[in-house]
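Colleague: Take a look at the following structure, please.
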């Protein structure tokens, strides 16, 4: 698989793991990296911190998932030897017993990657949400501070 596709698949893997409720898998993606949320003035680094962040912020339902679909579009990736950067839009839809199917948040990611031991890894993911819907069934905290 070429570098572009490997990085693109890594970005999509994040969405699948999160939508599957596999928070350990999400954290593993950031074992060598960090997640930055500028609007919340938050930086979490490494497996343990990323796992804790998702456990404390993501509502999981009886099906062990957040009942979401993270859609990643308009992906633009630039590869340079052992590093890469990308930007992509995200749109999250959710449906719960209390919430009809709807878009709950949208924005963009700015990602940085590094090749470590021959594999592409996240080094940094900046989350920039800019359109907000009803997040009450998705997050375990009041999202007013990030809007």
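Taken together, the values in this text are just the output of simple stated rules run on the coordinates, not laboratory data. Because the structure is a prediction, the values reported are computed rather than measured. Glycine gets a Cβ as well: all are built from the backbone with ideal geometry, and neighbour counts include every protein chain shown.
Colleague: May I ask for the angle, rounded to the nearest 10°, between helix 46-57 and the longest principal axis of the chain, with both axes built from Cα atoms and the value confined to 0 to 90°?
Modeller: 20 degrees
Colleague: Given a Förster radius of 35 Å and the C-beta distance between residue 114 and residue 69 as r, what FRET efficiency does 1/(1 + (r/R0)^6) yield to the nearest 0.05? Display every interim value, and only then the final one.
Modeller: Working: r = 28 Å, r/R0 = 0.81.
Computed FRET efficiency for residue 114 and residue 69 comes out at 0.80.
Colleague: For Cα pairs less than 8 Å apart in space and 6+ apart in sequence, what is the mean separation divided by the residue count of the chain, i.e. the relative contact order in percent?
Modeller: Working: 295 pairs, mean separation 35.1, N = 147.
Computed value for the chain: 24 percent relative contact order.
Colleague: In degrees from 0 to 90, rounded to the nearest 10, what is the angle of the helix 3-19 Cα long axis to the longest principal axis of the chain?
Modeller: For 3-19 against the chain, the angle is about 20 degrees.
Colleague: A further question on this structure: Determine the calculated [θ] at 222 nm for the chain from helices alone, applying -39500 (n - 2.57) to every DSSP H run no shorter than 4 residues and normalising by the residue count; nearest 500 deg cm²/dmol.
Modeller: Details: 3 runs with 36 residues, N = 147.
Estimated from H runs of four or more residues: -7500 deg cm²/dmol.
Colleague: Sticking with this structure for a sec: Can you give me the Cα centroid spacing of segment 51-87 and segment 1-47 in angstrom?
Modeller: Value for the Cα centre distance between the two parts: 5 Å.
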